[in-house]
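Nothing in this text is a laboratory measurement; each read-out follows from the coordinates by a stated rule. Source: prediction; values computed, not measured. As a convention, Cβ positions derive from the backbone with ideal geometry for all residues, glycine included, and neighbour counts pool all protein chains shown.
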Amino acid sequence: MNTKGCSYHLQRCRVPVLYKYLLKQGIVPFIAGSLLFTFILLMDRIFQLFDLLIGKEIGLIQVVMIFVYSFPFIIALTVPMGVLVATIATYGRMSGDSEFLALRSLGITPLRLMSPFLSISLLIAIGMSLFNIYVLPEANYQLKNRLVKISRLRPTLRLQQGRFNEISRGYTIWADSINHATSGLKGVKIYEELSGESPRVIYARSGDMYVAGDSLTLLLRDGEFHRFDPAHPTNYRILKFTTHSVSIPLGGRKGGSVMRSAREMNLRQLLQHASGSRSKREKWRYLLEAHKKFSIPVASIVFVILGVPLGMWIRQGGLGNGLTLSFIMFMVYYIMLVGGEEICERGNLYPSLSMWTPNIILGLLGIFLFYKVINGK
């Protein structure tokens with residue numbers, strides 16, 4: 001009796017069931033990993049929001065909207081992390097329970113076992129790329145708009161008392177105490193260093209800060225000016241005043257509107273600005289952000305290629321091992337990503353290389369480990 005055809009048909013019937021089984025095993029680790037890493041990355045933002053709500057008396061609606069617009073940036077990072085957690089947890093558990101050994105005895109190759117996660121990661125990469133192109137830039141822009149509106153109402157929010165705060169190019173301010181609810185300052189010291197002029201220091205007992213148009217205005221009371229010339233130290237002048245107004249131009253605005261930076265632009269806007277850039281560094285800054293919109297989503301596919309052999313190698317699945325190993329691998333990926341971005345910002349590495357090198361390195365590492373695992377070396 002010829003059983004070859006029966007075995008073939010039996011295998012074909014089992015494969016769709018196996019794919020469903022693998023994907024079902026990965027759902028819980030994916031959701032749990034994504035939520036946990038989202039919570040970790042949001043912790044810093046949550047403390048800032050509580051400070052805005054309680055310490056600086058910003059309204060609840062404003063705080064909620066800041067939280068909502070901060071969320072997409074976190075999601076763009078945590079979804080690939082969730083894929084890595086799900087991959088390591090699922091394939092690690094199956095390897096530890098010798099399920100892969102049984103499946104390979106049925107003629108199902110490791111590459112075929114990887115295919116369902118690869119297919120899902122491809123769909124996630126496409127979806128997250130569209131998310132990064134259309135949703136993320138607009139969310140970043142709305143967040144920037146919201147923060148600018150709050151800063152216009154409460155311009156002292158970004159200042160820290162008892163520290164030097166650079167509020168604009170050429171202006172550094174110190175305040176012994178700050179009332180963020182009224183934008184009032186006490187014990188004010190301002191260091192002013194403008195091109196073409198000798199430095200000036202302004203001392204004031206108190207003052208108020210507010211935004212008028214595109215300028216930040218400080219209304220100072222009971223103080224004095226100290227102006228000195230570094231080239232002629234003996235030429236030192238002191239002038240006292242009862243009230244004095246200092247107007248500081250604010251950058252990043254044009255005609256009262258908030259200008260979009262590279263992080264707030266969609267793909268079409270980035271490419272338009274890159275083609276119209278006059279300097280290499282400016283052009284690379286836009287191209288860097290354009291490549292980032294695709295390189296981070298594609299990391300989902302790379303993490304599957306890396307996660308499957310890692311899971312088979314450790315032979316210990318479960319959510320805990322998946323989270324731990326995923327966190328370590330993602331930190332390696334993120335360090336390479338940030339490092340490449342920094343090198344590109346300095347004009348020493350092409351944007352394409354800086355954004356895609358982490359994927360290439362981890363992808364090659366995953367292929368190497370996969371070869372080692374399936375060959376038993």
What are the radius of gyration and Dmax of region 207-310, computed over its Cα atoms and given in Å? 24.6, 73
When the chain is fully extended, how far beyond the present Cα-Cα distance does S275 get from L250, taking 0.36 nm per residue of separation? 6.3 nm
Taking θ as phi - 60°, what are the ³J(HN,Hα) couplings along region 308-313 by the Karplus curve (6.51, -1.76, 1.60), each to the nearest whole Hz, with x for Gly and Pro? 4, x, 5, x, 5, 6
Taking region 165-258 and dividing mean pair separation by its residue count, relative contact order in percent (alpha carbons under 8 Å, at least six apart): 21
Local net charge near S70, Cβ-Cβ under 13 Å (Lys/Arg +1, Asp/Glu -1): +3
Cleavage-rule hits, trypsin sites (Lys or Arg not before Pro), region 99-193, DSSP coil, Cβ neighbours within 10 Å at most 13: R158, R163, R169
So what J values fall out for region 29-39 if you push phi through Karplus, 6.51 cos²θ - 1.76 cosθ + 1.60 with θ = phi - 60°, rounded to Hz, Gly and Pro as x? x, 5, 5, 5, x, 4, 5, 5, 5, 4, 5
Rounded to a whole number, the Stokes-Einstein D of region 53-139 in µm²/s (Kirkwood radius over Cα pairs; 10 °C; 1.306 mPa s) is 98
Summed side-chain charge close to T172 - residues other than T172 whose Cβ falls under 14 Å, Lys, Arg +1, Asp, Glu -1: +2
Chymotrypsin sites (Phe, Trp or Tyr not before Pro), restricted to region 105-184: which are DSSP loop and have at most 13 other Cβ atoms within 10 Å? F164
Charges on Cβ only, +1 for Lys and Arg, -1 for Asp and Glu, centred on the Cα centroid of the chain; of L219, L323, L122, which one is farthest towards the dipole's positive end? L122
Test item: Cα-centred dipole of region 165-258, Lys/Arg +1 and Asp/Glu -1 on Cβ, debye: 100
Taking K and R as +1 and D and E as -1, what net charge do the other residues with C-beta under 10 Å from the C-beta of L267 add up to? +1
Would you mind working out the magnitude of the charge dipole of the chain relative to its Cα centre, with +1 at each Lys and Arg C-beta and -1 at each Asp and Glu C-beta, to the nearest 20 Debye? 860
Hey, could you grab the Kirkwood Rh for region 165-258? Inverse mean 1/r over distinct alpha carbon pairs, Å, one decimal. 14.2
GNM top mover of N179, N348, N235 - the chain, alpha-carbon springs below 10 Å: N235
Cα pairs beyond 23 Å in region 74-193, in percent, come to 61
For region 263-355, which trypsin sites (Lys or Arg not before Pro) are in a loop by DSSP, counting at most 12 other Cβ atoms within 10 Å? R278, R346
Contact order normalised by length for the chain, with contacts defined as Cα pairs under 8 Å and 6 or more residues apart; what percent is it? 20
